[in-house]
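Encoded as structure tokens, the structure appears first; notes follow it.
Read-outs throughout are calculated quantities, based only on the coordinates presented, and are distinct from any laboratory measurement. Owing to the predicted nature of the structure, the values given are computational and were not obtained by experimental measurement. Methodologically, a virtual Cβ is constructed for each residue, glycine included, from the backbone with ideal geometry; neighbour enumeration extends over all protein chains shown.
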Amino acid sequence: MGDPTMHKTSRPIATSGSTTMAAVVQERYGTRPEPVLRVARLPKPGIGPGEVLVRVRASSVDRGTWHMMAGLPYAVRPVSGLRRPRLPNPGRNIAGVVEAVGSTVTGFAPGDEVYGTAPAAFADYAAARPDRIAPKPTGLTFEEAATVPVSALTALQAVRDQGRIEQGQEVLITGAAGGVGTFAVQLAHHLGARVTAVASTPKLDAVRSLGADHVIDYTREDFLADGRRYDTIVDIAGNRRLRDLRDALTPHGRLVITGGETDGPWLGGTDRQLRAQMLSPFVGQHLGTFIATEHAVALRKVTTLIDTGALRPVVDRVHPLAETASAIRRLLDGRVTGKLALALPFE
């Protein structure tokens, strides 16, 4: 990993070479990526005593990228910015090489290959907190590693912590072919559950290859109308009524809602999530939702699962940074299985 005492400094830090970098910029909200996102030259970020400067080799896009770009649901704008994005540089997932470390940082040194999360990730450089990054799995490329952090951490918390999935349980996963879903299917399979995965026709073989015991094509049949009951439902797609999902649970089953689009532009899926939490204490079933946390401890657990072969990222396509808008458009069109990676040139 190198000597963690090297190159320690306080903000700002000067790096070798150019003082500017390529970065995706968003100065206003919009639902279509092409008019909203552009690539510009910006100053390299400085780092404080407790930060790590990462030379980003790859990032990735997901549904959350679009929500932040669009400023939807409106309920999040007090945090993200009322009229325009408070942080005009999007992106969250990173995989790259440590360039420098702050004076109080231990455990990382220049030259280390890392992955994790950082703000303004769609750029050549990102300033990351050391408790948000971990050593990159050695068997993954930078592009593969960049698709892991947010989606895999969300899936881990949904399946292991919220769903409490155990061996032999019957588990239903909606949105199984997406970024979170592809990890959730693998995790549930790893824990010994019998997994039923819901996806569209062209994606059924992919989710089956990840460990799904049974697949349902939602374009041809209603996955809640066959009378089956599940011990746990991990609802990633978020487009079915709470009542319908409850009907498909066993009397003491668990519903884990990770997202939703059912409540319109003001609330997104928030109303359904709140109703689930309010109803849960009064019924035999456990109905819940959560906000995924990003931490190196959980990310290292994900790394172990990847290194042992229990988990692998599904990368649909790799786009260069200049095609970030096109990547998000492809995601919105529903043509993606797993994740889309963004590759950054390494100079």
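Would you please calculate the Kirkwood hydrodynamic radius of region 212-336 over all C-alpha pairs and express it in Å, rounded to one decimal?
Working: mean 1/r = 0.0576 Å⁻¹.
Computed over region 212-336, the radius equals 17.4 Å.
Using helices alone, I'd like the mean residue ellipticity at 222 nm for the chain: each DSSP H run of four-plus residues gives -39500 (n - 2.57), total over residue count, nearest 500. The partial results should precede the final answer.
On the way: 12 runs with 88 residues, N = 347.
After summing the helix terms and dividing by the residues of the chain, the value is -6500 deg cm²/dmol.
Report the residue, chosen from 203, 44, 301, that carries the largest GNM mean-square fluctuation when the chain is represented by alpha-carbon nodes joined by springs under 10 Å.
Sorting by GNM fluctuation, first place goes to 301.
Per 10 Å bin, what percent of the C-alpha pairs of the chain does each bin hold, from zero upward?
For the chain, the pair-distance distribution reads 6, 25, 33, 24, 10, 2, 0.
Who wins for biggest fluctuation among 79, 114, 24 in a Gaussian network model of the chain, springs between alpha carbons below 10 Å?
Result for the chain, Cα springs under 10 Å: 79 fluctuates most.
So how tilted is helix 296-307 from the main axis of the chain? Cα-based, degrees 0 to 90, rounded to 10.
Approximately 70 degrees, to the nearest 10.
Evaluate the relative contact order of region 151-289 (contact order divided by residue number), counting alpha-carbon pairs under 8 angstrom at least 6 apart; express in whole percent. Before the final figure, lay out each step's value.
On the way: 296 pairs, mean separation 28.5, N = 139.
Computed value for region 151-289: 21 percent relative contact order.
Could you list 257, 291 in order of exposure, starting from the residue whose Cβ has the fewest other Cβ atoms within 10 Å? If you can, show how the numbers build up before the last one.
Values: 257 25, 291 8.
Fewest-to-most ranking of 257, 291: 291, 257.
Using +1 at the Cβ of each Lys and Arg and -1 at the Cβ of each Asp and Glu in region 151-289, identify which of 186, 155, 199 lies farthest towards the dipole's positive end.
155
Looking at the chain, what % of its DSSP beta bridges pair antiparallel, to the nearest 5?
50
May I have the pair-distance distribution P(r) for region 151-289, computed from all Cα-Cα distances with 10 Å bins from 0 and rounded to whole percent?
With a bin width of 10 Å, the distribution comes to 13, 47, 35, 5, 0.
If you take the beta carbon distance between residue 241 and residue 209 as r and set R0 to 30 Å, what does 1/(1 + (r/R0)^6) give as a FRET efficiency, to the nearest 0.05?
On the way: r = 31 Å, r/R0 = 1.02.
It comes to 0.45.
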